[in-house]
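This report concerns only the one structure given below.
The values are calculated or read from the model by the stated rules, or taken from the named source; none is laboratory data. All values derive from a computational prediction rather than experimental measurement. For neighbour counting, all protein chains shown are included, and Cβ atoms are generated from backbone atoms with ideal geometry for every residue, glycine included.
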Amino acid sequence: MQDKDTKPEIYRDEQVREAIRELFSYQDFLAGMKAFVPFQLNKLILEEVDLVETAHDFQKNVIRPFLKAVKKSTISHLSYTGLENLKPDESYLFISNHRDIVLDSAFLNMVLLENDMQTSQVAIGDNLVVNRLTELIFRINKSFVVKRTGNPREIYRHALLLSDYIYKTIDQKKDSIWIAQREGRAKDGNDRTQVALLKMLSLNNKSKDLRSYFRNLKIVPVSISYEFDPCAYLKTKEFLEKQSNPEYKKSFHQDAEHLLLGIKGHKGNVHFHFEKPLDKRLSILDEVDTVKGKLKLLASVIDKSIHQNYKLFPVNYYAHDALNDTDKHQNHYTGQAKESLNQFFNILIEMLPEEWQEEGRQFMLKIYAYPLKNALSYTE
């Protein structure tokens, strides 16, 4: 597996060819594809795999058909806005909210690919790369590993390498990069950019001019909106497990369960919004004297951009009202929609142990209410 103490990097084309041959030599992988992928699609992928020479080939001829099958079976409508804000010959740092372990970056790249734009490299946590098989799947698809485990010295050394790699990749126009605004998904739906992420990005800054440094990174906030979260029940159960047992820690098997359910579960409508690059808005950083203050302010700028560009659905309005015991937004979920949403939440809550159901209901409502709450926070 990738040595996480070395410089982060994606596979070169010659490595992609070798990795694909290795990947398709694993019987577990072939058996998983056969069980998970529709017969005709599986047949198509096996026919196309010998023609794959590059990461672009892999994304176009293997990943895109797979995502189209996922879209057809689990998404009512996939939409996007804001691509006019991007130039095909530029490299950007896409910073988005994080809802799904795999599909956030996968569908973002599919949107770029289908609009004749270069796909982005993808930053993934080392918790997802626990064996050779998972490493191959992610890294063939232009992913590099972010070290999250180890002692403080190891993590800091890796952060320096990571900061340098991301900056040079963007500044030298080698590729765009996608990275989540925080470590892990926002389990309760409250999307907030971690200042620690921005601090990591700034470690490569050799001057005192933080504004120019981040301007060169060409940050593009991306808002990702799922009408329904297939993992909402699992996220709620995980929260309640941690409340009951502070030592509780999710296993790789449970990560895999979230990953697979996120792919196969019903998502309703899904929307991506690409904001304009932040470079022209970064002069606001000059209003603050300290580095810490500048990073906090930048986090708030990214958050505002993400929050104000959500695509909101009836379930968001219903959950917000139910959580606050009001009918303020009932015009967004009238009649049959209200009954359907009430039943939707009841079915999920009743799957929990009875003693957890009340707290579980509050948490699950938050998952869906927070996008609306955050969007409203700039107008109320």
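In the set (1) modelled with pLDDT of 95 or more; (2) over 17 Å from ASN97 (Cα atoms), ASP289 fails one condition alone, (1).
Considering only residues that are outside any helix (DSSP H, G or I) and either surrounded by fewer than 19 Cβ atoms within 10 Å (Cβ to Cβ) or more than 19 Å from the chain's Cα centre (by Cα) (or both), which ones fall in region 170-181?
At the first step, the residues of region 170-181 found to be outside any helix (DSSP H, G or I) are 172-181.
The answer is GLN172, LYS173, LYS174, ASP175.
The single condition among (1) over 16 Å from PHE345 (Cα atoms); (2) in contact with an Asp or Glu (Cβ under 9 Å, 6 or more places away or on another chain) that ALA256 does not satisfy is (2).
One residue stands out in region 130-169 among those that are outside any helix (DSSP H, G or I) and either touching a Lys or Arg at 6+ places or on another chain (Cβ under 8 Å) or polar (S, T, N, Q) (or both): the one that is farthest from ASN205 (Cα to Cα), namely ASN131.
Residues are listed down the side, and each one gets a yes or a no for (1) more than 22 Å from LEU93 (Cβ to Cβ); (2) touching a helix residue (DSSP H, G or I) at 6+ places or on another chain (Cβ under 9 Å):
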{"residue": "VAL130", "(1), (2)": "yes, yes"}
{"residue": "LYS147", "(1), (2)": "no, yes"}
{"residue": "ASN151", "(1), (2)": "yes, no"}
{"residue": "TYR156", "(1), (2)": "no, no"}
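Among the residues that make up region 218-240, is at least one of them among the basic types (Lys, Arg), surrounded by 18 or more Cβ atoms within 10 Å (Cβ to Cβ) and within 23 Å of ILE166 (Cα to Cα)?
In the first step, residues of region 218-240 are kept if they are among the basic types (Lys, Arg); the result is 218, 235, 237.
If we keep only those that are surrounded by 18 or more Cβ atoms within 10 Å (Cβ to Cβ) too, we end up with 218, 235, 237.
Next cut, within 23 Å of ILE166 (Cα to Cα) only: 218.
Yes, that holds for at least one residue.
Only one entry of ALA299, ALA319 meets the criterion of being of a type in the set (A, V, I, L, M) and farther than 30 Å from SER207 by Cα, and that entry is ALA319. A Cβ distance below 7 Å, combined with a sequence gap of six or more or placement on separate chains, defines the contacts here; from region 275-303, residues that are of a type in the set (Gly, Ala, Ser) reach residues that are assigned to a helix (DSSP H, G or I) in the pairs SER283/ARG211; ALA299/VAL195; ALA299/LEU198.
Within region 58-78, the set of residues being touching a Leu at 6+ places or on another chain (Cβ under 7 Å) and farther than 21 Å from GLY268 by Cα comprises GLN59, LYS60, ASN61.
Inspect region 250-257 for any residue being without any contact (Cβ under 8 Å) to a residue 40 or more places away in the chain and either in contact with a Ser or Thr (Cβ under 8 Å, 6 or more places away or on another chain) or part of a loop (DSSP other than H, G, I, E, B) (or both) and give the result as yes or no. Looking for residues that are without any contact (Cβ under 8 Å) to a residue 40 or more places away in the chain and either in contact with a Ser or Thr (Cβ under 8 Å, 6 or more places away or on another chain) or part of a loop (DSSP other than H, G, I, E, B) (or both), one finds at least one in region 250-257, hence yes. Screening THR169, THR193 for residues that are in contact with a strand residue (DSSP E or B) (Cβ under 8 Å, 6 or more places away or on another chain) and closer than 13 Å to ASN97 by Cβ leaves exactly one candidate, THR193. Contact map, region 148-174: first residue at pLDDT 95 or above, second residue assigned to a helix (DSSP H, G or I) and of a type in the set (Phe, Trp, Tyr), Cβ cut-off under 9 Å, separation 6 or more or different chains; pairs are TYR167/TYR213.
Counting just the residues of region 271-303 that are of a type in the set (Lys, Arg) and surrounded by fewer than 18 Cβ atoms within 10 Å (Cβ to Cβ), which one comes out nearest to ASN85 (Cα to Cα)?
Per the stated criteria, the residue is LYS276.
Of all residues in region 189-200, which are crowded, with 18+ Cβ neighbours inside 10 Å and touching a helix residue (DSSP H, G or I) at 6+ places or on another chain (Cβ under 7 Å)? Those that are crowded, with 18+ Cβ neighbours inside 10 Å and touching a helix residue (DSSP H, G or I) at 6+ places or on another chain (Cβ under 7 Å): GLY189, ASP191, THR193, LEU198, MET200.
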